[in-house]
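Structure first, then comments.
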């Protein structure tokens, strides 16, 4: 048990190799011990050996079939190897073993959302929200963004999670504040998305534009290994990129401190795969939540959140633990170096040549009965129209077709697109007439992609940051009429456009004009504003 406890400590500290060694020592003493096998699986998962992790966790679950925690970890590992329905079964088994444990309920709820398996959705959501309100459980804040929660509940959720991290971490000695005689402002960015990932896609052109600012020195701290992508090469060329993948949290924090970073941006937050423990060690004197996590960190080690006045209005600011700092433009940058290939024929996409094509390429966990039912209402009112969706994991597509059938819509009017390389995805987007957004979790990078490809985005901005991102893009694009205030208005606008070919053509022409004229995609202007605002954060 001492070796198992040591393994747990090493894994919590981010040292997968040391954790694995401790597990192997425990298993040498007691072969097949389920607790040791479970932690070995966790270590293998952290080291990227996902199939080995599944094997270890299966063996642990077989040895301890009544252990809900092991069933839960097995679910995580099965997710990562693409065994979607098996992962759901593991989460359901964990919940059946511990039905009153809201953390397990939250994992089951989040995975069922990904699979569009909406059984017991309301009961699971009520259990999780009650636990957050009462402070009786710390659930994953990222998954909680998909719930119909209030801004106050989101803050409470984030604070509970931050409290767990704070109790497990020893901060570094305080960093020196920036002096008035300091040279170039040293800005750091910590993320696991520096590659062919939404974070890399959004920031590459901005980092390239920041090179023109002599007073700014940009450092990236990459928690992910080099994926060999063109985006990774661009990021490395535009900045000083530090590969810290797989390193213990303390070592990453020390490297940031050694680089003398003045302002450190957390470009992952509670989104999974990040390193909140590194931020909790306080490696930089000023630390900022920006871009990747669309909500409050709830963390005492994050000083500010960078946003804009639409996505984070004054009414929302009291529900953020950070000081709110706003850019004069949309908070979300974009890669304006992307070429858009010619669109393939509609037939090659599985689309009818003469139909109105509505689309929603949001990840499946953002879909929910209300948003999908709203989109199906549009289909019923526009004869022959289709809804083009991103194919989901497991049997998600099958379940969405069954839901359409239950709503009186021919399931054949749902068309699914497998995930594509980014350029091919942008090419296909040009064949869509109108993007129908979801809530309470909007299209974010996906909305930016749609607008860049010329596809207008219809959205209903909500009360939370995550529910206002697409609205911010439309606002700064100069198309506020695509931000509606009710489900009825959403359906009416989508139906009116679907029935009027000339109106659709005129709207696409406006999107194309505003894309160039509005400043939404002006990354040199973004870089100027960004450098000025960050300079104010750093002090003298």
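The values are calculated or read from the model by the stated rules, or taken from the named source; none is laboratory data. A quick note: this is a predicted structure, and the numbers were derived from the prediction, not measured. Neighbour counts run over all protein chains shown; Cβ positions are idealised from the backbone, glycine included.
A few points about this structure:
- Any chance residue 534 is out of contact with any helix residue (DSSP H, G or I) (no Cβ under 7 Å at 6 or more places or on another chain) and crowded, with 16+ Cβ neighbours inside 10 Å: yes
- Every condition in (1) over 20 Å from the mean Cα position of the chain (by Cα); (2) not in a helix (DSSP H, G or I) holds for residue 225 except the one numbered (1).
- Failed item in (1) surrounded by fewer than 21 Cβ atoms within 10 Å (Cβ to Cβ); (2) modelled with pLDDT under 95, with residue 275 passing the rest: (1)
- The lone exception for residue 256 - which of (1) crowded, with 20+ Cβ neighbours inside 10 Å; (2) over 24 Å from residue 529 (Cα atoms); (3) within 23 Å of the chain's Cα centre (by Cα) it fails: (3)
- Being under 23 Å from residue 140 (Cβ atoms) and in contact (Cβ under 8 Å) with a residue 40 or more places away in the chain is true of residue 191.
- Checking region 452-459 against the condition returns a match, with at least one residue being under 15 Å from residue 310 (Cα atoms) and crowded, with 24+ Cβ neighbours inside 10 Å.
- Residue check, residue 124 over 22 Å from residue 299 (Cβ atoms) and modelled with pLDDT under 95: no
To keep it simple, each residue is scored yes or no on (1) farther than 20 Å from residue 195 by Cα; (2) modelled with pLDDT under 95; (3) not in a helix (DSSP H, G or I).
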| position | (1), (2), (3) |
| --- | --- |
| 403 | yes, no, no |
| 409 | yes, no, yes |
| 412 | yes, no, no |
| 425 | no, no, no |
| 435 | yes, no, yes |
| 443 | yes, no, yes |
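- Wholly enclosed strands (runs of 3 or more DSSP E) of region 241-360 bearing at least 2 residues free of Cβ contacts under 8 Å to residues at least 12 places away in the same chain and either closer than 30 Å to residue 147 by Cα or touching a strand residue (DSSP E or B) at 6+ places or on another chain (Cβ under 7 Å) (or both): none
- Region 203-215, residues that are surrounded by fewer than 19 Cβ atoms within 10 Å (Cβ to Cβ) and in contact with a strand residue (DSSP E or B) (Cβ under 7 Å, 6 or more places away or on another chain): 215
- Within region 483-540, the residues that satisfy the criterion of being under 19 Å from residue 461 (Cβ atoms) and in a helix (DSSP H, G or I) are 487, 488, 489, 490, 491, 492, 493, 494, 497, 507, 511, 514.
- If only residues of region 144-157 that are in a helix (DSSP H, G or I) and touching a residue at least 40 places away in the same chain (Cβ under 8 Å) are counted, the one that is surrounded by the most Cβ atoms within 10 Å (Cβ to Cβ) is 157.
This table checks each residue for (1) touching a strand residue (DSSP E or B) at 6+ places or on another chain (Cβ under 8 Å); (2) within 17 Å of residue 392 (Cα to Cα).
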| residue | (1), (2) |
| --- | --- |
| 412 | no, yes |
| 416 | yes, yes |
| 439 | yes, no |
| 450 | yes, no |
| 468 | no, no |
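- Among the residues listed as 190, 202, 235, the single one being outside any loop (DSSP other than H, G, I, E, B), within 25 Å of the chain's Cα centre (by Cα) and closer than 14 Å to residue 530 by Cβ: 202
- Condition check for residue 132: at pLDDT below 95, surrounded by 18 or more Cβ atoms within 10 Å (Cβ to Cβ) and either within 25 Å of the chain's Cα centre (by Cα) or not in a helix (DSSP H, G or I) (or both): no
- Residue list for region 414-423, restricted to those being part of a strand (DSSP E or B) and closer than 25 Å to residue 89 by Cβ: 416
- Conditions (1) part of a helix (DSSP H, G or I); (2) free of Cβ contacts under 8 Å to residues at least 40 places away in the same chain; (3) buried (at least 17 other Cβ atoms within 10 Å of the Cβ): number failed by residue 138: (1)
- Residues of region 375-401 classified as outside any helix (DSSP H, G or I) and more than 28 Å from the chain's Cα centre (by Cα), total: 4
Okay, residues lined up against (1) at pLDDT 95 or above; (2) part of a helix (DSSP H, G or I):
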{"position": "70", "(1), (2)": "yes, yes"}
{"position": "74", "(1), (2)": "yes, yes"}
{"position": "79", "(1), (2)": "no, yes"}
{"position": "82", "(1), (2)": "no, no"}
{"position": "87", "(1), (2)": "yes, yes"}
{"position": "92", "(1), (2)": "yes, yes"}
{"position": "95", "(1), (2)": "yes, yes"}
{"position": "99", "(1), (2)": "yes, no"}
{"position": "105", "(1), (2)": "yes, yes"}
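- A residue that is surrounded by fewer than 18 Cβ atoms within 10 Å (Cβ to Cβ), modelled with pLDDT of 95 or more and assigned to a helix (DSSP H, G or I) cannot be found anywhere in region 39-48.
- For region 166-187, the criterion of being within 25 Å of the chain's Cα centre (by Cα), modelled with pLDDT of 95 or more and not in a helix (DSSP H, G or I) is met by at least one residue.
- Single residue of region 477-518 satisfying the filter (farther than 22 Å from residue 430 by Cβ, buried (at least 16 other Cβ atoms within 10 Å of the Cβ) and touching a residue at least 60 places away in the same chain (Cβ under 8 Å)) that is nearest to the chain's Cα centre (by Cα): 490
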